[in-house]
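This report concerns only the one structure given below.
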Amino acid sequence: MHIPDGLLDAKTYTAAYAAAALPVGYALYRVRREFADRTAPLMGVVAACLFAAQMINFPVPGGTSGHLLGGVLAAVMLGPWSGLVVLTVVLAVQSVLFNDGGITALGANILNLGVIGSLLGYAIFDPLRRWVGGQAGTVAGSVVAAWFSVVLGATACSVEVSLGGTLPLGPTLAAMLLAHTLIGIGEAIITGMVVSFVLATRPDLVHRSNRQHGVVARSAQVVIGGLAIALVISVLLSPFASTLPDGLEWALARLGHPARGTPLLGAPLPDYRVPGYERFEMAGSAAAALGTLAVFGIAFLLARGLRHQPASGHTPDAS
């Protein structure tokens, strides 16, 4: 669902940037106020794992493919505001380094995957979590919210594409929902499996769980283990990702519109390939590894840079 350059007109992508700026700015403020140093490694690890997971397209019936968007998963792990910051970092790196999502469309992509995925997804997840209760409520809420986040993001994407008159809303929405209703099932399954695994192995890493001892005492374990998982996914598994068009590309093809426009800026590693070495599969894995490490480093350093500086004699908020 990464919108490329050339699909949105100037007034639409400008409005999308403006609409995304407010929640992202407030999310940065909340991260600064709420999270202590010990949370920065977890933000970096979640960013790296989401970046890697988004490289693995899974086939969907009907000739299309999807990949994890991860907004709900990030919110369940980190809380909605930190989840939005992490998704913003991932989307920015994908756009700037790899031309995966256009520079002009970055604001819209943040709205569709970050704001809708993390903020609105968490608003769906949290009442369900509390209603069901316990770890079962956390898993059930994340599964339902993950499916809705994909469908709602696809709806927003359809509206954005149609606002500039590029394509009519009705057919665009119908094609997008046809693909993403099924893609959302994959998102829900993956999110539920990951949340279940984390709850079974490190429940202290889930948002609102007691992190007083787990992350503080074993932050090196979190970083090493999380980065290892992310690198295995991005380096070893990404070459086996489905080559079928993703949901947006599939929908645009059905409507007779080219799926990709001309990028506004040339990326150093376009389409996750090293220029001049496109025919070497390991060069693609090297680009994937670089991206994984880049999003980890940026998210980690951003979280550390935003940490709240308490007055002398006080300790940071441990939320």
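Protection proxy ranking, highest mean first, for peptides 80-93, 131-144, 16-29, 148-161: 80-93, 148-161, 131-144, 16-29, where packing is the per-residue count of other beta-carbon atoms within 10 Å, averaged. A full extension of the chain between Arg32 and Leu169 corresponds to an added length of 45.4 nm, given 0.36 nm per residue minus the alpha carbon distance. Near Gly102, the amide H atoms lying under 5 Å from its own belong to Ile3, Asp5; only residues 5 or more places off or on other chains count, and H is placed 1.01 Å from N.
Extending 7 Å from Cα along the Cβ direction at Val132 and again at Phe240 yields two label points whose distance is 2.9 nm.
For the chain, which DSSP H helices look membrane-span-like by this rule: Cα extent along the axis of 27 Å or more and mean Kyte-Doolittle of at least 1.0? Correct list, ordered by number: 134-163, 169-201, 281-306. The charge dipole of the stretch 133-246, taken about the Cα centre with unit charges on the Cβ atoms of Lys, Arg (+1) and Asp, Glu (-1), comes to about 420 debye, rounded to the nearest 20.
Surface analysis of the chain yields an accessible area of 43 Å² per residue, using protein heavy atoms and a 1.4 Å probe.
Figure note: Leu231, Leu178, Leu167 ranked by solvent-accessible area, largest first, 1.4 Å probe, ligands and nucleic acids not counted: Leu178, Leu231, Leu167.
With a Cα-only, solvent-free Debye model of the stretch 132-183, what are the log10 I(q)/I(0) values at q = 0.20 Å⁻¹? Each listed q corresponds, in turn, to -0.66. Among the protein heavy atoms of the chain, carbon and sulfur supply 69% of the accessible surface, probe 1.4 Å, non-protein parts ignored. If the segment from Ala200 to Val232 were pulled out straight at 0.36 nm per residue, it would be longer than the present Cα-Cα gap by 9.4 nm.
A probe of 1.4 angstrom, applied to the heavy atoms of all protein chains, finds Met77 with accessible area near 20 square angstrom.
Across Phe300, Phe197, the residue with the most accessible area heads the list, and the full order at a 1.4 Å probe is Phe197, Phe300. Taking the charge dipole of the stretch 7-68 about its Cα centre, with +1 at Lys and Arg Cβ atoms and -1 at Asp and Glu Cβ atoms, the residue from Ala47, Asn57, Ala21 reaching farthest to the positive side is Ala21.
Of all segments of the chain bounded by trypsin sites (Lys or Arg not before Pro) found in a DSSP loop with no more than 13 other C-beta atoms within 10 Å, the longest spans 1-207. A simple charge model with +1 on the Cβ of Lys and Arg, -1 on the Cβ of Asp and Glu and nothing else charged puts the dipole of the chain at about 760 debye relative to its Cα centre.
Compared with the alpha-carbon gap, the fully stretched path from Leu301 to Ala220 is longer by 27.6 nm at 0.36 nm per residue. Amide hydrogen proximity for Asp246: with H placed 1.01 Å from N in the peptide plane, the residues at 5 or more positions away or on another chain lying under 5 Å are Ser65.
For the set Met1, Met193, solvent exposure ranked by accessible area (probe 1.4 Å, protein chains only) runs largest to smallest as Met193, Met1.
Only one residue of Gly225, Gly297, Pro203 has its Cα farthest out toward the positive end of the dipole of the chain, where Lys and Arg carry +1 and Asp and Glu -1 on Cβ, and that residue is Pro203. Roughly how far apart, in whole Å, are the Cα centres of the stretch 151-192 and the stretch 77-110? After rounding, the separation between the Cα centres reads 18 Å.
The values are calculated or read from the model by the stated rules, or taken from the named source; none is laboratory data. From a predicted model like this one, the values you see are computed outputs, not experimental measurements. Cβ coordinates were reconstructed from backbone atoms using ideal geometry, including for glycine residues, and neighbour counts include every protein chain displayed. Note: areas computed on protein heavy atoms with side chains; ligands, DNA, RNA excluded. Shrake-Rupley method; radii C 1.70, N 1.55, O 1.52, S 1.80 Å.
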